[in-house]
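Taking it in order: structure first as structure tokens, then the write-up.
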Amino acid sequence: MSGTGGTETPPYAPIIRSYTKGPPPMTIDFAAQCADANAFADFCAQQDARNTIQLNVHKWCLMLCDALVDNFKQSHPNSDPYKFYIESGRKYHKIIMETGAGSRSVHAFVDKKTGEVYKPASFKAPAKGVRYDLRLIEQREWLLENADWAGEYLYLTFKKG
């Protein structure tokens with residue numbers, strides 16, 4: 001089999017033909033590519049910031065659990081301490097309170113993306129209305145200092161400071 005340059009074309013090699021009709025040659029718009037690259041870089045930076053916030057929210061939830069255990073031990077020094085731990089769902093971290101007998105209840109809900117703290121309405125859903133925002137240093141510090149194991153600080157009528 002003979003090709004255009006007089007060389008043999010193996011039977012398995014693809015034959016490439018050039019047509020005068022068809023799609024126009026591809027043009028490269030470097031400005032658009034740079035804009036896309038900048039948009040992607042911005043997206044990556046924003047994603048890193050979102051991930052950092054979510055990691056911090058989880059850390060603050062652990063700190064809240066520790067504060068609740070300490071408060072329970074201080075209030076009830078002679079009894080078995082309740083356990084406080086996190087169960088993560090799709091949207092919220094649940095702060096779970098477990099007694100020594102094994103009964104469980106939700107102490108609070110914390111939005112995984114924003115760090116907003118809610119009082120529970122049921123085991124599966126938070127009540128309406130944000131109680132605290134863990135991203136705000138002043139609110140977070142107050143919350144960790146004044147959190148009580150019974151959840152009194154989560155009621156809207158509770159006076160801060």
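Of note:
- Taking H76, H58 and counting other C-beta atoms within 10 Å, the order from fewest to most: H76, H58
- Centre-to-centre separation between the Cα atoms of the stretch 106-139 and those of the stretch 62-96: 15 Å.
- According to the calculation over all Cα-Cα pairs in the stretch 31-154, the P(r) per 10 Å bin from zero is 13, 40, 25, 11, 7, 3, 1, 0 %.
- Members of K59/K124; K73/K124; K59/K83; K73/K112; K83/K128 lying beyond 24 Å, as alpha-carbon distances in this model show: K73/K124; K73/K112; K83/K128
Only the coordinates and a few stated rules stand behind these numbers; no lab work does. Remember, predicted model here, so these are calculated numbers, not experimental data. Neighbour counts are summed over all protein chains in view; Cβ atoms, including those assigned to glycine, are modelled from backbone coordinates with ideal geometry.
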